[in-house]
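Before any comments, here is the structure.
We did not get these values from a lab; they are worked out from the coordinates using the rules stated. From a predicted model like this one, the values you see are computed outputs, not experimental measurements. A quick note on method: Cβ atoms are made from the backbone with ideal geometry, for glycine too, and the neighbour counts reach across all protein chains shown.
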């Protein structure tokens, strides 16, 4: 029988302002700048702040009469100058994975192009940065070189099609037959025409471009060398028929198959290793990913100081005149504009709260990982989000949002906040160390190894155990793979 029953229930609901605060906190610096610029373009109660005071940018927002804050604006990333660091280990010079950018020592040059005036008769108001020379992409360079050749319309169209079919590494990955079927030309395109166009493209610029395999790429580069280059003939045989044996370091078998002396083979192998397996990477890219640090860490009088990067703080404030006129109008509280005014105030306050939370989290990280800034990766301590949450009195999910897609500029490089939360590993004495410290130890061991007899994963695990760090061989192999270090048999040099 149907009945009516009354029940009471409690539930947690996020207010619109709190939802906005959570969303802004988890955005990256570039996403946050875009979000605030969109609000400035759509909300009539928000305006750009044209003041030049830098104390606001460094010390935080100051409240205005409406109770909202004034945030500093910057349309470009601050200029960075490299600050040389003391060498930590020889691995930074030998391993490709250790090629991190050095940290800027000076963060000046906050260029604002919005307020630029028209000078010297330049009436279009264009951005001077648009005149800066940019490196041409692979396809742009090849198209420019193709214009120097006198070709008929069909041959030029086929050559252009081949250029567009190249990938970013400079290779032609498609079969010529499949490529010919995908071209709509009259009469139909043949594989022979494509092959002729491919040979032309391979001669336009750097040797190795337009290759269909690694062997062909290296062979094109060897053939481009002068005829009197030492080891050229042996190197041609290696790249044409014996690349797999070279990768496996089968020196004796190579010498037997080619029929050369040990010295000739050594010279040829050194010549092959100098070749570029990805010649397309020498050109510019059409799309670049930029990392903008959210905070800057400097050492001031033996203390590590954390400040918000002024370049990530767009200046915005409540338009005082519009707000006063709206408050004096009749029925202002019932107008749809009242919601926009409230949203503008929420945005200013939530943005300031975002910066405060990020700075507090960064200061806590620097306090916990102070040894890292003095001694490098080997001194990185194990830490979890709960440690920061308990110290700051915040929820762990808030710390997770405050560290996601956030970057810290330090004298040792630019690091993501997550980098300072390495996993904990046990030691023989019962203590703990971080996974990052273990990777740093492995880097030092591999850098100091004898290249004629490199250390195996088992030997590396045994050497770590001698220093009190207990890790399995497969763990060493995993860390070595993350560092992009090849196995011992591929590191061996004759």
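Summary table below
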| quantity | calculated |
| --- | --- |
| Computed E for residue 327/residue 4 - FRET, C-beta separation, R0 51 angstrom, nearest 0.05 | 0.60 |
| Overall form of segment 138-202 per C-alpha gyration tensor (a/c, 1.5; a/b vs b/c) | oblate |
| Residue exposure sequence - 481, 242 - by fewest surrounding Cβ within 10 Å | 481, 242 |
| Packing-based exposure ordering (other Cβ within 10 Å, fewest first) of 398, 459, 8 | 8, 459, 398 |
| R0 of 22 Å, Cβ-Cβ distance residue 243-residue 450: FRET efficiency to nearest 0.05 | 0.30 |
| Computed lengthening from residue 34 to residue 491, 0.36 nm per intervening residue step minus Cα-Cα distance | 159.9 nm |
| Cα gyration tensor, segment 400-494 - rounded (a/c under 1.5), prolate or oblate | oblate |
| Computed over segment 349-405, Kirkwood Rh from alpha-carbon pairs, angstrom | 12.0 Å |
| Distance in nm between pseudo-label sites at residue 367 and residue 301 (7 Å out along the Cβ direction from Cα) | 1.9 nm |
| Rg/Rh (Cα only; Kirkwood hydrodynamic radius) as it applies to segment 141-277 | 1.07 |
| Pair residue 150, residue 256: separation of 7 Å Cα→Cβ label points (nm) | 5.7 nm |
| Sorted by Cβ density within 10 Å, fewest first, the residues 445, 321 | 321, 445 |
| Compactness index (Cα Rg / 2.2 N^0.38 Å), segment 205-269 | 1.10 |
